[in-house]
Amino acid sequence: MRITNTNNELARQIASSKMSSIKINSSEIKSIPAAAGETDLLKSITILPGIKPGVDGSSGFYVRGGNIDQNLILLDGVPIYNPYHMWGYLSSFNADAINSVTVTKGAFPARYGGRLSSVIDIAMKEGNNQKWTGDFTVGLLSAKASVSGPIIKDKSSIMFTARRTYADLILVPINNKNNSKKGYSYKEGYNFTDLNLKTNYKVSGTDRLFFSGFLSRDKYYYKTAEDQEFNNTAVLGETQRAQGWGNIIATLRWNHIFKNKMFVNTTAYFSSYKYYTTELTKRTSSNPDEVEEKENSIEYLSNISDVALKQDYQFFPADNHNLQFGASCIFHKFKPGINSFFSKTNSETITNKTGNSEIFSTDISIYFEDDWSISELLRINGGIHLSSFFVQNKSYFSAEPRINARLLINDKTSIKAGFAVMTQYMHLLTQSGITQSSDLWVPVTKKIKPQKSQQFSLGFSTALSKMYLFEMEGYFKHMNHVIEYKDGASFLLDATGWEEKITAGAGKAYGAELFFRKTRGKFTGFAGYTLSWAFRQFNEINNGGIFPFRYDRRHDISLVGKYRINKKWTISSAWIFYTGNAVTVPTSSYITPIYKNSGVQDNRQFPSPNLGYSTPTGNGIVTNATERNNYRLPNYHRLDLTATYRKIRKWGEWELTFGATNVYNKMNPSFYYSTDEFNSETGELETNYYQRTLFPIMPTISYRIKF
Amino acid sequence: MKRNSKIVTKLGIALLVAATIFVSCDKEFIIKTNSVANLIVVNSLFTGQEKLSVTVTKNMHPQKTQEVIELKEAKVSLFENNVFIEELTYEKTPADSIGKFISNTTPVPGIVYKIVAETTEDDIPQKASSQSELPQKVEIVSDTAIWLKWITEEDSAFSLRFYFEIEFNDPPGNNYYYISAAAPVLKLDTTNNIREFYTWQYAEILSGELPGHQLYINNSLLFSDATFQSKKKKITGTATMYNNVDYLFSNQDLSKLEKGNIYILDKSKLHIELHSLSKDAYNFCSSYAKRMRLQDDIYSEPIIIYSNVKNGLGIFAGENISSTDVPIKY
């Protein structure tokens, strides 16, 4: 039986043995309305079924009940860590540099490894090897530019993009001027930058070399200087604070073809993520008789860097076999949070380093997979991924079988099933599950074991006509050695090492995903629905009881559409709905044995509530949650709309996009907080809770020139 | 083109105005009443030194300030190893703000005590229960206390510090402890009566090898025997009394004491208690101590106060106390 559907994309989807996988190209990403006019790759994929965004203001995402660190983000095959600008609000991928993104949520082919829940495989654009093209866009947050063209026609090309915030260039000088006065100078600002570069060179008919680079950088700074006078001595007091983070990736790839039936990619890469904060205070006295200089600085540094070499082969021994196999070796260096203290006066200098020590590890893996068409009806993709991890004189090994099968029912419908075992040797320590730039990547250690998952998926795909595709999938995922901070673990007041703050447990997730897609015509778009459950269980949390995962959302709906009115006008919309997050909120208040019953000190036990010095004991009345994640925040929904006006000129084209996110201004809570306030009516101190909405209705506008 | 420009301009202005109107993004968050279940609250940290008693109250809405609601009419039954023993009697002294249900039973180790509280009120589950054991008493086998020094703070308040040592034999199995240190003091209260009582010190353990981060509750240290199971254990530490403490010389005229001040007695003793906690008591104390320590830390993970009451809230758990009065060496 041959698939006769003329729409290649739909036909490929139905015929493929791949499941739990969606590919989106650059133009689809750009057509999804974006907050502040800033197209965001990672935010765009969160409207796909099975992928759940974190809270507003965070680009983190959660796939099929998995944690945020279980997503492998690959940029041209290279893992990238914490790719976020603006403290997690925006991803650091410039949509102009992206060709396509393939999201795999389950049924992983054997070539992928290292994470439990998803692979986000981002392919950068190749340079145009025929002519020079360019693109320039100004949005509310940033300006970006890209150029692409041949270095040597038909032999070598280059693509380069750059993006930077520009609001700080205008607003910061005004703010600084307003805050400065005579004898007091003030500087505060924030900016981000990212750069993408990709070149290729055709060495011969069978050999090509590729080089790609990616750099992202965020920086916040604050600086004051004040002239003071003490005992007729002029003293200059200076304070400087800075916070920054960023990624650097450099990749060299050699592509070689052996006699048309086999080709190999040999890749060497370096990937690094660094986060730092610094604080410096300095006092300089100008008294010639008593020259005094005092300087204190505190630095916090966290860093992960990889150096790797890998080879991937693809071989077609027969028409019905597609073999892929390869090996990789990655050297990791972790610096999970190191504090440095430096103090200098005229007479002495003190330096001190505290925090977690550096950890070195080696990750070696090999894989083999075969995409085998057994008959016209049955096709199987099976394989195995073998991995090992060496850290602190401890070795971990893992064999991960993978199998996907597709059974063609007719030329428009197929049934698919998949099973995958995954192992993960790294963890991201995130406080309360919200992505931040300061989140720490840490490896497994002697004490912390690798995370493992087993996932089973079953689904079917059907082409309803030449332009409509409907897919349905069910999944069940079980996870072991998932980590979580213990109850009360804190970065602020808890000086113990990170291994002491976390605990390992299990997780499970199951659900069903429906995906309906229209790929052609004036109106294109998709509708997605997910019904899901996700739970966690840890011996040291919630008294060992099972509890809902923070992003356990029963219902998740997304409706995305793009309507091309005419050659000039296009309207895009996205409506998103999901069940509110599960959070831990006190739902009861009651007395404990520490309650000061008689108003007089009880001399036997818990006797002296008011003399407590290190541990305030309170009045013995507690507000308490019955269990972890016991309360549901209100359902989240919002509508984003944009309209684009496009004008073609002789030299190229320009387009103006404008619209709004959260058009009907739904006050979706991003987080809640409590404050103790005095009630003048009752004369009592009351605890009041508030919710904060980060994104009410927000206008978006951007202007783009393309040539 | 002209028409399009007008539409763009109007839409842009409308969006900017709308965005300006909705600048306030904080609003009060009221916990839904239907998520606040009415429950019976049973509390007792019973010991081997006193008759077992419990308080039985009702929980409250977390955002409303209310008087503690007692369930005085509740039927409270005590069981030993699942055999009914007695019904507890409600008693309240004038000084107490809430009363207690008191039994005639002084707990002993090796028996499982179960408490069942029943109420006829309609808006609350009618029965809550809990059970726990009294752990074995762990005797202090040797002790020492040494007066260290006066500490003068910058604000002229005084602190006192004692060094102490105790030794005990950890019984087999998992055990949990709580150490308190106290010194007898005098205080002239509001009715001009001189009252002698123990004031409890902040006991800081100096000897290491205690697992995890040290937790304090009411100035006393909580720890488990994870690193010294079934061995003889010496704990050394300091007990410090902070602020508002004055020194009382033996020849001083007591009638001239300043009202409200606390005076430590000259040539006194240090009273040290070693509480052997049941696991339930330890879980409760450690969760409470963590909550108090981290209540102002917005970055900390949530802490749920431990409860072992089925169909209700609170804690019903045993602790056995051994104590020693150690003369302070100067």
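The values are calculated or read from the model by the stated rules, or taken from the named source; none is laboratory data. Just so it is clear, the model here is predicted, and its values are computed rather than measured. With ideal geometry, Cβ positions are generated from the backbone for all residues, glycine too; neighbour counts draw on all protein chains shown. Protein only, heavy atoms only, side chains kept; ligands, DNA and RNA dropped before computing areas. Shrake-Rupley method; radii C 1.70, N 1.55, O 1.52, S 1.80 Å.
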Per the filter on region A:610-632, residues at pLDDT below 85 and more than 7 Å from chain B (Cβ to nearest Cβ) are A:ASN610, A:ASN619, A:GLY620, A:ILE621, A:THR626
(1) modelled with pLDDT of 85 or more; (2) surrounded by fewer than 24 Cβ atoms within 10 Å (Cβ to Cβ) all hold for A:HIS85 apart from (2)
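What number of residues within region A:393-416 satisfy the criterion of being under 28 Å from the mean Cα position of the chain (by Cα) and loosely packed, with under 15 Cβ neighbours inside 10 Å? Break it down stepwise before answering.
Taking region A:393-416 first, the residues under 28 Å from the mean Cα position of the chain (by Cα) are A:396-404.
This time we only want the ones that are loosely packed, with under 15 Cβ neighbours inside 10 Å, so: A:397, A:399, A:401.
Total satisfying the criteria: 3.
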Residues of region B:67-89 being more than 21 Å from B:SER132 (Cα to Cα) and within 25 Å of the chain's Cα centre (by Cα), in sequence order, are B:GLU67, B:VAL68, B:ILE69, B:GLU70, B:LEU71, B:LYS72
Within region A:195-212, residues under 19 Å from A:GLN130 (Cβ atoms), of a type in the set (Phe, Trp, Tyr) and surrounded by fewer than 16 Cβ atoms within 10 Å (Cβ to Cβ) come out as A:TYR201
Taking region A:170-229 and keeping residues under 30 Å from A:TRP254 (Cα atoms) and more than 34 Å from the chain's Cα centre (by Cα) leaves A:LYS202, A:VAL203, A:SER204, A:GLY205, A:THR206, A:ASP207
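Please go through region A:664-707 and pick out each residue that is aromatic (Phe, Trp, Tyr), modelled with pLDDT under 85 and open to solvent by 20 Å² or more (accessible area, probe 1.4 Å).
Keep residues of region A:664-707 that are aromatic (Phe, Trp, Tyr), which gives A:664, A:671-673, A:678, A:689-690, A:695, A:703, A:707.
Checking which are modelled with pLDDT under 85 leaves us with A:671-673, A:678, A:689-690, A:695.
Those that are aromatic (Phe, Trp, Tyr), modelled with pLDDT under 85 and open to solvent by 20 Å² or more (accessible area, probe 1.4 Å): A:PHE671, A:TYR672, A:TYR673, A:PHE678, A:TYR690, A:PHE695.
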Expected output for region A:471-499 (first residue outside the structural domain of A:GLN455 (by TED's automatic domain parsing) and open to solvent by less than 20 Å² (accessible area, probe 1.4 Å), partner at pLDDT 95 or above and not in a loop (DSSP other than H, G, I, E, B), Cβ below 8 Å, 6+ apart or cross-chain) is none
Going by the structure shown, is A:ARG517 modelled with pLDDT of 90 or more and within 14 Å of another protein chain (Cβ to nearest Cβ)?
no
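Residue-by-condition table, conditions (1) of a type in the set (A, V, I, L, M); (2) away from chain B (no Cβ under 14 Å); (3) under 22 Å from the mean Cα position of the chain (by Cα):
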{"residue": "A:ALA463", "(1), (2), (3)": "yes, yes, no"}
{"residue": "A:ILE483", "(1), (2), (3)": "yes, no, yes"}
{"residue": "A:ILE502", "(1), (2), (3)": "yes, no, yes"}
{"residue": "A:PHE523", "(1), (2), (3)": "no, yes, no"}
{"residue": "A:THR530", "(1), (2), (3)": "no, yes, yes"}
{"residue": "A:TYR563", "(1), (2), (3)": "no, yes, no"}
Residue count, region B:266-276, condition open to solvent by 10 Å² or more (accessible area, probe 1.4 Å) and within 12 Å of chain A (Cβ to nearest Cβ), comes to 2
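Taking the criterion of being among the hydroxyl-bearing types (Ser, Thr, Tyr), within 11 Å of chain A (Cβ to nearest Cβ), closer than 20 Å to B:LYS279 by Cα and open to solvent by less than 80 Å² (accessible area, probe 1.4 Å), would at least one residue in region B:44-51 satisfy it? Step through it out loud before you land on a result.
To start, the set of residues in region B:44-51 that are among the hydroxyl-bearing types (Ser, Thr, Tyr) comprises B:44, B:47.
Subset that is within 11 Å of chain A (Cβ to nearest Cβ): B:44, B:47.
Still in the running and closer than 20 Å to B:LYS279 by Cα: B:44, B:47.
Add one more test, that the residue is open to solvent by less than 80 Å² (accessible area, probe 1.4 Å), and what stays is B:44, B:47.
For region B:44-51, residues among the hydroxyl-bearing types (Ser, Thr, Tyr), within 11 Å of chain A (Cβ to nearest Cβ), closer than 20 Å to B:LYS279 by Cα and open to solvent by less than 80 Å² (accessible area, probe 1.4 Å): present.
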Just one listed residue, out of A:LEU48, A:LEU42, A:LEU90, A:LEU75, is in contact with a helix residue (DSSP H, G or I) (Cβ under 9 Å, 6 or more places away or on another chain) and open to solvent by less than 10 Å² (accessible area, probe 1.4 Å), and it is A:LEU90
B:ASP296 fails exactly one of (1) outside any loop (DSSP other than H, G, I, E, B); (2) open to solvent by 10 Å² or more (accessible area, probe 1.4 Å); (3) modelled with pLDDT under 80, namely (1)
Conditions (1) assigned to a helix (DSSP H, G or I); (2) modelled with pLDDT under 85 -> A:SER44 fails only (2)
Among residues of region B:134-162 being assigned to a strand (DSSP E or B) and within 24 Å of the chain's Cα centre (by Cα), the residue modelled with the lowest pLDDT is B:SER159
Residue in region A:141-161 that is β-branched (Val, Ile, Thr), farther than 21 Å from A:ILE705 by Cβ and assigned to a helix (DSSP H, G or I) present: no
Here, strands (runs of 3 or more DSSP E) confined to region A:216-330 with at least 2 residues that are open to solvent by 40 Å² or more (accessible area, probe 1.4 Å), among the β-branched types (Val, Ile, Thr) and closer than 30 Å to A:LYS182 by Cβ are A:262-285
